[in-house]
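The structure appears right after this line, and notes come after that.
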Amino acid sequence: MFERFSTEAREVVIGAQRVASDEKSANVDAFHLLTSLSLNTGLLATLGCPAEELADDLRRVRRRGGMSDADVEALSGFGIDVEHIVERVEQTHGEGALTGGTRSKRGHRPFTREAKKVLEKCLREAIDVGDKRIDAEHILLALTSLPGVAADVLAQRGIDYLAVRRLLERRAAS
């Protein structure tokens with residue numbers, strides 16, 4: 001399947017592995033794909049989401065162990081202060097204790113089930129629109145179409161499946 005990836009899409013996948021390595025994560029997950037997508041393409045900026053702002057959002061969500069802002073808001077309705085809990089965990093176990101980035105593992109970093117689903121879905125998205133190659137847009141389509149925190153973070157920035165699909169249609173028309 002990787003042979004169908006455009007150069008830019010390959011850079012996103014390889015970049016996700018670099019991001020995981022930099023964070024000392026044992027695995028490559030959907031957040032790493034999204035982070036790499038924002039760093040290696042101008043795609044998100046085209047949709048009105050500056051890379052720096054998205055990076056801040058992703059860091060905040062990762063620090064909370066993958067809890068989106070919507071999750072935090074829902075829990076606060078029950079009187080649970082997630083930020084306070086994260087601070088207490090970090091006081092006891094060190095900064096970034098909930099990020100999953102404290103594990104140091106060298107060499108190959110496998111893709112999580114979620115990241116594999118994203119890569120499989122981007123192939124289906126490319127086929128659905130009649131493209132022979134998988135581009136970065138297809139990866140973003142897959143990230144927005146699969147339930148998860150990456151899709152939630154993008155949705156908070158106004159980037160959803162329909163917005164990305166419209167972008168693909170505009171590019172195909174030009």
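The set of residues in the stretch 137-152 that are among the aliphatic types (A, V, I, L, M) and over 18 Å from residue 40 (Cα atoms) comprises 146, 149, 151.
So that you can scan it fast, the table gives a plain yes or no per residue for (1) open to solvent by 50 Å² or more (accessible area, probe 1.4 Å); (2) within 18 Å of the chain's Cα centre (by Cα):
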{"residue": "4", "(1), (2)": "yes, no"}
{"residue": "8", "(1), (2)": "yes, yes"}
{"residue": "37", "(1), (2)": "no, yes"}
{"residue": "49", "(1), (2)": "no, yes"}
{"residue": "61", "(1), (2)": "no, yes"}
{"residue": "67", "(1), (2)": "yes, yes"}
{"residue": "78", "(1), (2)": "yes, no"}
{"residue": "90", "(1), (2)": "no, no"}
{"residue": "94", "(1), (2)": "no, no"}
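Restricting the stretch 120-135 to residues that are surrounded by fewer than 24 Cβ atoms within 10 Å (Cβ to Cβ) and hydrophobic (A, V, I, L, M, F, W, C), the residue that is modelled with the lowest pLDDT is 129. Would you be able to say whether some residue in the stretch 100-107 is in contact with a helix residue (DSSP H, G or I) (Cβ under 8 Å, 6 or more places away or on another chain) and modelled with pLDDT of 80 or more? Among the residues of the stretch 100-107, not one is in contact with a helix residue (DSSP H, G or I) (Cβ under 8 Å, 6 or more places away or on another chain) and modelled with pLDDT of 80 or more, which makes the answer no.
Among the residues of the stretch 15-28, those identified as open to solvent by 30 Å² or more (accessible area, probe 1.4 Å) and touching a helix residue (DSSP H, G or I) at 6+ places or on another chain (Cβ under 9 Å) are 17, 18, 23, 27.
The values are calculated or read from the model by the stated rules, or taken from the named source; none is laboratory data. Since this is a predicted model, take the numbers as computed values, not measurements. Note that each Cβ is placed from the backbone with ideal geometry, even for glycine, and that neighbours are counted across all protein chains shown. Just the protein is used for accessible areas: all its heavy atoms, side chains included, with ligands, DNA and RNA removed. Shrake-Rupley method; radii C 1.70, N 1.55, O 1.52, S 1.80 Å.
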